[in-house]
1. In the range 46-76, what count of residues is obtained for those that are within 20 Å of MET360 (Cα to Cα) and open to solvent by 10 Å² or more (accessible area, probe 1.4 Å)?
2. Of the residues MET297, MET305, which is out of contact with any strand residue (DSSP E or B) (no Cβ under 8 Å at 6 or more places or on another chain), surrounded by fewer than 19 Cβ atoms within 10 Å (Cβ to Cβ) and either assigned to a helix (DSSP H, G or I) or not hydroxyl-bearing (Ser, Thr, Tyr) (or both)?
3. Among the residues of the range 110-140, what is the count of those that are open to solvent by 40 Å² or more (accessible area, probe 1.4 Å), out of contact with any Gly (no Cβ under 9 Å at 6 or more places or on another chain) and more than 16 Å from the ligand (Cβ to nearest atom)?
4. Confirm whether ALA166 is away from the ligand (no atom under 12 Å from the Cβ) and either in a strand (DSSP E or B) or not aromatic (Phe, Trp, Tyr) (or both).
5. Pull up the range 196-210, narrow it to residues that are open to solvent by 50 Å² or more (accessible area, probe 1.4 Å) and more than 15 Å from the ligand (Cβ to nearest atom), then point me to the one that is farthest from LEU156 (Cα to Cα).
6. Go through the range 141-152 and give me each residue that's within 16 Å of the ligand (Cβ to nearest atom) and in a loop (DSSP other than H, G, I, E, B).
7. Quick one: which of VAL193, VAL174 is open to solvent by less than 10 Å² (accessible area, probe 1.4 Å) and either within 10 Å of the ligand (Cβ to nearest atom) or within 17 Å of the chain's Cα centre (by Cα) (or both)?
8. Exactly one condition in (1) surrounded by fewer than 23 Cβ atoms within 10 Å (Cβ to Cβ); (2) not in a strand (DSSP E or B) is false for VAL155; which is it?
Amino acid sequence: MSNNKGFDFFRTSEDHEELRAAVRAVAEDKIAPHAAEADETASFPQAGYDALVASDFHAPHIGQEYGGVGADALATCIVIEEVARVCASSSLIPAVNKLGTMPLILAASDEIKAKYLPPVAAGESMFAYGLSEREAGSDTASMRCRARADGDGWVLNGQKSWITNAGVSDFYTVLAVTDPDGKRGRNVSAFVVEKADAGFTFGDPERKMGIKGSPTRELIFQGCRIPGDRMVGAPGEGLKIALATLDHTRVTIGAQAVGIAQGALDFALGYVKERSQFGKHISEFQGIQFMLADMAMKLEAARQMVYVAAAKSERGDADLSFFGAAAKCFASDVAMAVTTDAVQLLGGAGYVKDYPVERMMRDAKITQIYEGTNQIQRIVMARQLLKA
Ligand SMILES: Cc1cc2nc3c(=O)[nH]c(=O)nc-3n(C[C@H](O)[C@H](O)[C@H](O)COP(=O)(O)OP(=O)(O)OC[C@H]3O[C@@H](n4cnc5c(N)ncnc54)[C@H](O)[C@@H]3O)c2cc1C
């Protein structure tokens, strides 16, 4: 009675564990060797992208009808987790391909899906997601970016801020106000914008604390005209689609956080068994052992929560909002704690760039901030709790 969709008597299926082994091999052989350089030079991890495309792990969630491999939500999380274990920046390739295309998968016409999903599945293009604005981060409904109907098309004016994989992506889901006098939250629509559209440019790359290999830039629209058939879903439904997307993709950020934390724990475990002080390996000190046990305990709790949330995402369960927010919030706090402890376990060596744990600690921080800060996740959880 095995169930390859999610759990086999409360454990991941053989298929999922085989997938993990396959991704880990690609990640260790082809992505890990370039992770420090992508961070140091703040350059897009092209080698990682090429390796992910060659193994079909760059956008695993896209269905077979669009040329994808049709990985379920748990399999997609495992891909992201294993890539993040060696390079958080590279893990944003599958993660943001899902984030950018999820509005289409949830709400777009067959024509839009047939046009834009195959190139992403084939690894020819990436897809980014433009919701946040400089003055509208947590308060997304206060966005100002505007799309005005003009003949048979739309004209976009405004900007989107901190957009992951901006510039390196060919396609963008962009949320814009289409009815400035309409009800707050119901006056926004979603559009596909192409990099090649006239009037669409990018801001300078942000100089960041972590995930430096993942480009983060503003999207700038100055009289950017797009055809009328680029709207995703119905007029006024944009914010609803954008937030429904986040219910699914917050689970993937939880997976990214679990992967970063696992990478740090694995490295620290190796180090404490080698490093000697006071005439013994530091792994023999009980103070160190208790730290390791706490790190592994929290990490495993986070992983289980992410996997349950992934199963809920796959099934489309009614309590996905709670579980997506809880998994992302919990796992990202665990990633921050575990990576900070990993730095501590390496002592001075943890604080310098000769070892990967300081990068992992910087990379972990963003998981508490994007796709909604962890304060906003608590608002999402409380809203679902109080609705019941
Ligand atoms: C590297 C990076 C990549 C990103 N990628 C993307 C992307 O691809 N697409 C995209 O659309 N966005 C992206 N973002 C934007 C990100 O989602 C926002 O930064 C985030 O949602 C927070 O918004 P803000 O920065 O405006 O913070 P603010 O909303 O100004 O929040 C500031 C502080 O106030 C707290 N706060 C705000 N409101 C409340 C409240 N009601 N109750 C309690 N506390 C509150 C917040 O938790 C935070 O601690 C990215 C950001 C970064 C840094």
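1. 3
2. On inspection, the qualifying residue turns out to be MET297.
3. Selection size over the range 110-140: 5.
4. no
5. Per the criteria, the residue is ALA196.
6. Residues satisfying the conditions are MET143, ARG144, CYS145.
7. Matching residue, one of VAL193, VAL174: VAL174.
8. VAL155 satisfies all of (1) surrounded by fewer than 23 Cβ atoms within 10 Å (Cβ to Cβ); (2) not in a strand (DSSP E or B) except (2).
The values are calculated or read from the model by the stated rules, or taken from the named source; none is laboratory data. For clarity, every value in this text was computed on a predicted model and none was experimentally measured. All Cβ positions, glycine included, derive from the backbone under ideal geometry; neighbour counts span all protein chains shown. Ligands, DNA and RNA are stripped out before the accessible areas are found, and what is left, the full protein with its side chains, is counted by its heavy atoms. Shrake-Rupley method; radii C 1.70, N 1.55, O 1.52, S 1.80 Å.
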